[in-house]
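Before any comments, here is the structure.
Laboratory data are not the source of any read-out in this text; all were calculated from the coordinates shown. On a predicted model such as this, the values are computed, not experimentally measured, just so you know. A quick note on method: Cβ atoms are made from the backbone with ideal geometry, for glycine too, and the neighbour counts reach across all protein chains shown.
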């Protein structure tokens, strides 16, 4: 799939829509304007790639709607050169947006099919991202601590093991809840002190522990 004048134009319109919906971080908007979302959706859904909607991908998962990707990215308060852990690679779109924002991305996916799919897309687009097939609840301790941690699936409670992999002054963003979730932002103030803020309702597929 090529990146044509049409797909570039659709991305431009999508970015304008995100601005109208309240996204203001220019680093986020610029990244979304560049990353070709149509590479990260099933071919059968190509015509819907630039609508502001979550779309189904294999393994009963979804690629988040562009607004959700933008909002989570904005809450992370990204600065270039940071190291970011992403839990839930999915098809790889959020990973690619973060990488385009100038950070080093470490992403964990528990579904083998999605891990292999995202790996191929990253290679085809020459995107340098460290990916791992494994249990997101365990994070990626070999590369911890991280400046930022993003969880792209719903956790019933805040995973303490992931908080332990966050640097002091680092930020973790996670949707917390069961059927419906609340977007939650946690700042690690010190070894044992955290500041939590809530940022609206959302709906994600559940975070599931890898039992293999």
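Provide Rg over Rh for the chain; use the alpha carbon set for both Rg and the Kirkwood Rh (inverse mean inverse pair distance). Display every interim value, and only then the final one.
Values: Rg = 16.0 Å, Rh = 17.1 Å.
Here the Rg-to-Rh quotient is 0.94.
Measuring r between the beta carbons of residue 138 and residue 20 and using R0 = 41 Å, the FRET efficiency lands at 0.55. Simple spin-label estimate for residue 77 and residue 179 gives 3.5 nm between the two label positions (7 Å along the Cα-to-Cβ direction from each Cα). In this label model, residue 168 and residue 34 are separated by 3.3 nm, measuring between points 7 Å along each Cα→Cβ vector. In the chain, the calculated helix contribution to ellipticity at 222 nm averages -8500 deg cm²/dmol per residue, counting -39,500 (n - 2.57) for every DSSP H run with n ≥ 4. Bridge orientation summary for region 52-202: considering DSSP beta bridges with both residues in this region, about 50 percent are antiparallel.
If I stretch the segment between residue 195 and residue 130 completely, what's the gain in nm (0.36 nm per residue apart, minus their alpha carbon distance), one decimal? Answer, rounded to one decimal: 20.5 nm.
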